[in-house]
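> This is the structure I want to talk about, given as structure tokens.
The values are calculated or read from the model by the stated rules, or taken from the named source; none is laboratory data. Note that the structure is predicted; figures quoted are calculated from it, not measured. Note that each Cβ is placed from the backbone with ideal geometry, even for glycine, and that neighbours are counted across all protein chains shown. The protein model used for the area step is the full one, side chains on, heavy atoms only, and it has no ligands, DNA or RNA in it. Shrake-Rupley method; radii C 1.70, N 1.55, O 1.52, S 1.80 Å.
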Amino acid sequence: MVTVYGIVPGSEADKVGIKVGDKLYTVNGSEINDVLDYRFYLTDKKVVLSLGRDGEQYQVEIHKEMYADIGLEFETYLMDKKHSCRNRCIFCFIDQLPKGMRETLYFKDDDSRLSFLMGNYITLTNLQDSDIDRIIKMHISPVNVSVHTTNPELRKQMMKNKRAGEVLKYLDRLAEAGIELNCQIVLCNGINDGEELKRTMFDLAELNALRDCVNSVSVVPSGLTRFREKLYPLTPFTPEQCREVIKTVTEFGDACIERYGKRIFFCGDEFYLKGEVPFPKEEFYEGYPQIENGVGMITSMQTEFDWAAEDIKAEQSEKNTVKRTVSVATGYAAYDFIRELADRTEKLFDGLKVNVYKIRNDFFGENITVAGLLTGQDVLAQLKEYAEKGGLGEKLILPKVMLRAEGDLFLDGMTPKELSEGLGGIKIIFNQSEGEAFINALTSE
């Protein structure tokens, strides 16, 4: 049962007299508890809703187009509360956050509905057999799973959850039902790397061999902040160790291409950056199945930039003139890459001067080098001197990943407006880490 919080005026729900505050019990006889139930059972052309008002139950019948909405609104997107994580993973990033940040940052979700609807990763420890039955019945696919290791005992130790090993059986059930899987392995130095990593990749490859269900598996390093007091002792990967991880995963992926016709296994960009290993070409990433997980972002941006640069060269009989100075700020990890793109853009446009600044992560610690975990206060502190001397130029370009999804706040709660004001009112542009968009951000008014 869920409560109706709004009615779209003129909608089918409005026409049949449903009111705000009514309780929705069933759709076509099936109980409604959340958004997945609601969307799944609402697809028919004819739907019969069982509702309640003031203690009395009533029914309405609606005829509509298949998949069309009927105009009911609910308190939250999920129609109930998010499911929180029950694990205490030794690498959990949220456990490494300092006190005093936005309350929402401390919430650990482990919600299978968000896996399907938003692409979030789940560990399966929150699920019961009935949840797996529902996923299969509704054919919710793909499901994104944080595997980390297929060694049941090691998974229990890493996640500090006694169910962590036994729920690996759900991978088989999902695969058998034709549910596609995207998996991730958060790699911890000396814990689930080396032979344990090879075991995990082998087990997932065997699962794919039986069901052809494993779309992709990302291997990404654990993020370690300076706030790890009293937490499990973990150490960052050295450049040499990063190169070894890349070698292991790439060789296994090559074998998968020969056997299954697809690579399946990919390293996150951080391993290449820290290991100082050249990035693979675009075809290596097979359509970028896990680009949102930091896999192939650099190659994708590089490829888009190359295309855009070639188009600009082909279209101009002589160099365009763009007389302006602009600035770009990024993390230590991507600095060299962004500096190279900026240099190439300067060569395409006469009069363009691009300053590129690398921002040290003082907030979380120098082990965190990606732009997506930079705070507004670090950007402000390290660019303020340049701004006061007029060294930032007409505008400042930042990666959009520095902001939360709504685009209004940095991790530390600072707003883009506050950052702009702190830097003398400079115009700030947030770029989507796309090659052509990067050139446009540098050169447009």
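> Give me the net charge of TYR232's neighbourhood, meaning all other residues with Cβ under 13 Å from the Cβ of TYR232; Lys, Arg count +1, Asp, Glu -1.
Within the 13 Å Cβ shell, the charges total +2.
> Here's another thing I want to ask about it. For a test of understanding, tell me how many lysine pairs in the stretch 1-97 have Cα atoms under 28 Å apart, given they are 8 or more places apart or on different chains.
Total qualifying Lys-Lys pairs in the stretch 1-97 comes to 16.
> Given 0.36 nm per residue, what is the gain on full extension from ARG88 to TYR67 after removing their alpha carbon distance, in nm?
Taking ARG88 through TYR67 to full extension adds about 3.6 nm, to one decimal.
> How much length is gained on full extension from LEU105 to ARG228, taking 0.36 nm per residue of separation minus their Cα-Cα distance?
Between LEU105 and ARG228, full extension yields an extra 42.6 nm.
> Running a GNM on the chain with Cα contacts under 10 Å, which residue among PRO152, PRO278, PRO221 ends up with the highest mean-square fluctuation?
Its mean-square fluctuation being the largest, the pick is PRO278.
> If you don't mind, there's one more thing I want to ask. Given the -39500 (n - 2.57) contribution per DSSP H run of 4+ residues, what per-residue ellipticity at 222 nm results for the chain, rounded to the nearest 500 deg cm²/dmol?
Values: 14 runs with 153 residues, N = 445.
When only DSSP H runs of four or more count, the value is -10500 deg cm²/dmol.
> Follow-up. Given a 1.4 angstrom probe, I'd like the percentage of the accessible area of the stretch 1-126 that is carbon and sulfur, rounded to a whole number.
Accessible surface attributable to carbon and sulfur in the stretch 1-126 totals 50 percent.
> For GLU56 and LYS427, compute 0.36 nm times the residue count separating them, minus their Cα-Cα distance, and round to one decimal in nm.
Between GLU56 and LYS427, full extension yields 127.8 nm more.
> Relative contact order for the stretch 69-206 using alpha-carbon pairs under 8 Å, separation at least 6, rounded to a whole percent?
Values: 159 pairs, mean separation 32.8, N = 138.
Here the relative contact order equals 24 percent.
> Another question, then. Under the definition of Cα pairs under 8 Å and six or more residues apart, what whole-number percent is the relative contact order of the stretch 312-381?
Result for the stretch 312-381 is 37 percent.
> Taking each pair of distinct Cα atoms in the stretch 3-131 once, what is the resulting Kirkwood hydrodynamic radius in Å?
After inverting the pairwise mean of 1/r, the radius is 16.9 Å.
> Out of LEU411, ILE428, LEU352, whose Cα points farthest toward the positive end of the dipole of the stretch 323-445 (charges: +1 Lys, Arg; -1 Asp, Glu; placed on Cβ)?
Of LEU411, ILE428, LEU352, it is LEU352.
> Enumerate the calculated ³J(HN,Hα) couplings along the stretch 22-32 in order (Karplus 6.51 cos²θ - 1.76 cosθ + 1.60, θ = phi - 60°), each rounded to whole Hz, writing x wherever the residue is Gly or Pro.
Per-residue couplings from phi come out as 5, 9, 9, 9, 9, 10, 6, x, 9, 5, 10 Hz.
> Over the stretch 235-294, calculate the relative contact order: mean separation of alpha carbon pairs under 8 Å at least 6 apart, over the residue count, as a percent. Intermediate values should be presented prior to the final figure.
Numbers: 48 pairs, mean separation 21.6, N = 60.
Contact order relative to length: 36 percent.
> Within the accessible area of the stretch 298-445, what % is carbon and sulfur when the probe is 1.4 Å and the other protein chains stay in place?
The C+S portion of the solvent-accessible surface of the stretch 298-445 is 45 percent.
> Along the charge dipole of the stretch 141-269, which of MET201, CYS183, CYS267 sits closest to the positive end, that is, farthest toward it, with unit charges on the beta carbon of Lys, Arg, Asp and Glu (+1, +1, -1, -1)?
CYS183
> Is there a pair in LYS137/LYS169; LYS156/LYS274; LYS319/LYS400 whose C-alpha atoms are over 20 Å apart, and which pairs would that be?
Listed pairs above 20 Å: LYS156/LYS274; LYS319/LYS400.
> If you don't mind, another one. Counting heavy atoms of the protein chains only and a 1.4 Å probe, report the per residue accessible area for the chain as a whole number of Å².
Values: 21780 Å² over 445 residues.
I get 49 Å² per residue for this part.
> Here is a follow-up. Which value, in debye to the nearest 20, describes the size of the charge dipole of the stretch 141-267 about its Cα centre when Lys and Arg Cβ atoms bear +1, Asp and Glu Cβ atoms bear -1, and nothing else is charged?
Numbers: 18 positive and 17 negative charges, 110 e Å.
Magnitude of the dipole: close to 520 debye.
> Rounded to the nearest 0.05, what FRET efficiency do GLU445 and LYS313 have when you use their Cβ-Cβ distance and R0 = 25 Å? Walk me through the numbers before you get to the answer.
Working: r = 22 Å, r/R0 = 0.87.
The calculated FRET efficiency here is 0.70.
> Continuing with this model, one more query. Would you mind checking LYS384/LYS417; LYS313/LYS347; LYS353/LYS427; LYS353/LYS417; LYS323/LYS353 for any pair whose Cα atoms are more than 18 angstrom apart?
LYS353/LYS417
> Right, another one. Report LEU72's accessible area, 1.4 Å probe, all protein chains in place, as a number in Å² to the nearest 10.
Roll a 1.4 Å probe over it and LEU72 shows about 10 Å².
> Charges only on Cβ, +1 for Lys and Arg, -1 for Asp and Glu: so what's the dipole of the stretch 42-156 about the Cα centre, in debye to the nearest 20?
480 debye
> If you don't mind, there's one more thing I want to ask. Using the Cα centre as the reference, give the magnitude of the dipole from point charges on the C-beta atoms of the chain (Lys, Arg: +1; Asp, Glu: -1; all else neutral), rounded to the nearest 20 debye.
Numbers: 55 positive and 72 negative charges, 196 e Å.
With Lys and Arg at +1 and Asp and Glu at -1, about 940 debye.
> Also, quick follow-up: At 7 Å along Cα-to-Cβ for each site, give me the label-to-label distance between LYS137 and TYR260 in nm.
Label at LYS137, label at TYR260, 3.0 nm between them.
> Aspartates and glutamates within cross-link reach of LYS389: Cα-Cα under 16 Å, excluding same-chain residues under 8 positions apart?
Reachable aspartates and glutamates: GLU421.
> For the stretch 190-248, which whole percent of the accessible surface, found with a 1.4 angstrom probe, sits on carbon and sulfur atoms?
Reported share for carbon and sulfur atoms: 53 percent.
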